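The values are calculated or read from the model by the stated rules, or taken from the named source; none is laboratory data. Please read all numbers here as calculations on a predicted model, not as lab measurements. All Cβ positions, glycine included, derive from the backbone under ideal geometry; neighbour counts span all protein chains shown. Surface accessibility is based on the protein's heavy atoms, side chains included, excluding ligands, DNA and RNA. Shrake-Rupley method; radii C 1.70, N 1.55, O 1.52, S 1.80 Å.
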Amino acid sequence: MEGRYEFVAPCHFGLEVVSKREISDLGYEIVRVEDGKVTFTGDVEALVRANIFLRTTQRILWKVAEFRAVTFEELFQGIKNIPWEEYLPKDARFWVTKATSVKSALFSTSDIQSIAKKAMVERMKEHYHISWFAESGQEYPVRISIYKDMVTVGLDTSGESLHKRGYRKMVSKAPIEETLAAALIKLTPWNKDRILVDPFCGSGTLMIEAAMKAMNMAPGLRRRFTAEHYAFLPAAVWKEQREKALSEIRRGVEFQGVGFDIDPAAVALAAANAKLAGVEKHCRFFTADVKDFSPAPGAMVFTNPPYGERLGDLAAAAELERMLGRRLEENPVRSAYIITADADFEQHFGKKAKRRRKLYNGMIPCQVYMYF
């Protein structure tokens, strides 16, 4: 398929500007930025590159339609008017994986999904001249979002969320998502020559994402995407972009990320994940208690302290934050970036942040506390 198309890149709330900048850096034109998503234009290659190279977005949707609907009949007709036969073969397995509605007359997401599926089937019946679809072929998942009665329909080209890079086979409790970790790093003035340290490394995500960025390793290089089997997308484009990503890896970079955790099992898991990611030469993990944390003066600290689900005991979490504050008071570093859902973090840490940024880790409201 030749031409230019619109793509929608959902991202973490509060980090839209980071995703916008990343998409622009890939060379694509931004159409608009809204809460939790960035829309951009590009050709078929843009779709492939976005899936393989973007670090901070959750998935890439091919926008196939946008229309206004305040009744279910308008929704049905709007979906039916989409030329689904251009995207879906006769044996396609197609369904609406997710529907969202905000400030709109149509608010029942289950009804939106059901009616959209019926409309798709009716369109396919008319084109393929059959009354029943076995849906025995490849998957073509669809997502629908309605905001102020404007319906956006997108074909999901990623499949599994883009935070699933393929290197994290197992995780510690309530881990930070890979896309959020990558965005946190992009929020800072860090560069590959600075040592990064994480005193609560868990499964090692922050250090691994930093190492991948330092090596210029594309995050989607080790995984597959739903759109790879789309009949209308040439397989050669995927092969070409993967080869390009491989050729751009900086294997000789001297970056070092160091992670600590009191749990030996977490340390072993972090090391295993780093090896799966191909960054084990640039990440070291050690078993250690935060009370013994003594980072070098030039280091930058990136961390997600245990809180809530990861610890269970709020009093214990507060004590860890107090201990971290004392250790950084006694061992000043270049800067520290701490992401947590604890609204009383500054009080426990013992110092107000120079800057704060609100965002979400999944559905959990968090803040990044920045100390320079």
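Whenever you get a sec, compute what percent of the accessible area on the chain sits on carbon and sulfur atoms (1.4 Å probe).
So the carbon and sulfur contribution to the accessible surface is 51 percent.
Residues of the chain: accessible area per residue at 1.4 Å, in Å²?
Heavy-atom SASA per residue in the chain reads 45 Å².
Note down the net charge around K275, summing +1 for each Lys or Arg and -1 for each Asp or Glu among other residues with Cβ under 13 Å from its Cβ.
Taking every other residue near K275 into account, the sum is +4.
Using the Cα centre of the chain as origin and beta-carbon charges of +1 (Lys, Arg) and -1 (Asp, Glu), tell me which of V38, L328, H348 is placed farthest towards the positive end of the dipole.
Ranked along the dipole, the leading option is L328.
Can you compute the FRET efficiency between N216 and V33 using 1/(1 + (r/R0)^6), with r the Cβ-Cβ distance and R0 = 35 Å? Round to the nearest 0.05.
Step by step, r from the Cβ atoms, then E = 0.85.
What net charge do the residues around G137 carry, taking every other residue with its C-beta under 9 Å from that of G137, with Lys and Arg at +1 and Asp and Glu at -1?
Its environment carries a net charge of -1.
Identify the chymotrypsin sites (Phe, Trp or Tyr not before Pro) of the stretch 213-287 meeting these criteria: DSSP loop state and at most 14 other C-beta atoms within 10 Å of the C-beta.
In loop regions of the stretch 213-287 (DSSP not H, G, I, E or B), the sparsely surrounded chymotrypsin sites (Phe, Trp or Tyr not before Pro) are F232.
Given R₀ = 35 Å, what would the calculated FRET efficiency be for E74 paired with S131, taking r from the Cβ atoms and rounding to 0.05?
Here the calculated transfer efficiency is 0.90.
Would you kindly compute the Cα radius of gyration of the stretch 116-185 and its largest Cα-Cα separation (Dmax), both in Å?
Expressed in Å, the Cα Rg and Dmax of the stretch 116-185 come to 18.2, 52.
Are there GluC sites (Glu not before Pro) in the stretch 193-266 that DSSP marks as loop and that have at most 14 other Cβ atoms within 10 Å, and which are they?
Qualifying residues, ordered by number: E248, E254.
In terms of the Cα gyration tensor, with a ≥ b ≥ c the square roots of its eigenvalues, is the stretch 41-137 rounded because a/c is under 1.5, prolate because a/b exceeds b/c, or oblate?
Since a/c reaches 1.5 but b/c is at least a/b, the shape of the stretch 41-137 is classed as oblate.
Check the straight Cα-Cα distances from K354 and name the aspartates and glutamates below 20 Å, setting aside those fewer than 8 residues away within the same chain.
D198, E321, E329, E330, D342, D344, E346
Setting aside same-chain residues fewer than 8 positions from K103, which lysines have a Cα under 26 Å from its Cα?
Partners found: K20, K37, K63, K80, K117, K118, K148, K358.
Evaluate 2.2 N^0.38 Å with N set to the residue count of the chain, then give the Cα radius of gyration divided by it.
1.08
Tell me which GluC sites (Glu not before Pro) from the stretch 10-101 have a DSSP coil assignment and no more than 16 other beta carbons within 10 Å of their own.
Of the GluC sites (Glu not before Pro), not one in the loops of the stretch 10-101 has a Cβ with at most 16 other Cβ atoms within 10 Å.
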